[in-house]
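> Dumping the structure here so I can ask a few things about it.
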């Protein structure tokens with residue numbers, strides 16, 4: 001599997017809006033998919049091909065950890081809302097936002113590292 005880095009970055013940047021809408025009750029989330037670090041495009045790419053070919057790449061390993069932590073924080077946000085602990089859900093959402101920015105940064109760095117340059121462009 002290949003990855004469209006721009007789409008992956010956009011999807012991870014959109015977590016703030018999705019979770020905010022979820023906390024306000026205006027957006028529904030597929031909880032199983034939202035909490036799984038393996039079911040989104042980044043996870044499928046990471047565990048499908050990226051780590052198989054670049055197992056020792058420290059940025060990929062960091063992306064794996066940060067991405068998993070982000071999805072775990074999404075899960076905590078959902079659980080906090082379901083338990084009507086809205087202030088905890090807001091705190092959890094802020095952590096998701098922080099981690100999603102870190103995911104985006106790592107994706108950008110990996111894109112330049114893993115994408116071959118076009119001939120004649122340096």
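> Which number do you get for Rg(Cα) / (2.2 N^0.38 Å) in segment 5-111? Present the calculation step by step, with values, prior to reporting the outcome.
Numbers: Rg = 13.8 Å, N = 107, 2.2 N^0.38 = 13.0 Å.
Rounded to two decimals, the normalised Rg is 1.07.
> Hey, can you rank 90-96, 59-65 by average C-beta count inside 10 Å, highest first? Before the final figure, lay out each step's value.
Details: 90-96: 18.4, 59-65: 16.9.
Most protected by this proxy first, the peptides run 90-96, 59-65.
> Same structure again: Relative contact order of segment 12-84, please, whole-number percent, based on alpha carbon pairs below 8 angstrom and at least 6 residues apart. Present the calculation step by step, with values, prior to reporting the outcome.
On the way: 38 pairs, mean separation 23.5, N = 73.
Rounded, it is 32 percent for segment 12-84.
> Follow-up question, since we're still on this one. Along the Cα→Cβ direction, 7 angstrom out, place labels at residue 47 and residue 90. What is the inter-label distance in nm?
Those two pseudo-labels are separated by 3.4 nm.
> Working out 0.36 nm times the residue gap between residue 82 and residue 115, then minus their Cα-Cα distance, what length gain in nm do you get to one decimal? Don't jump to the answer; show the numbers that get you there.
Working: separation 33, 0.36 × 33 = 11.88 nm, distance 4.13 nm.
Here the segment from residue 82 to residue 115 would lengthen by 7.8 nm.
We did not get these values from a lab; they are worked out from the coordinates using the rules stated. Keep in mind that this is a model prediction, so the values were computed, not measured. Quick reminder, even Gly has a Cβ in these numbers, built from the backbone with ideal geometry, and neighbours come from all protein chains shown.
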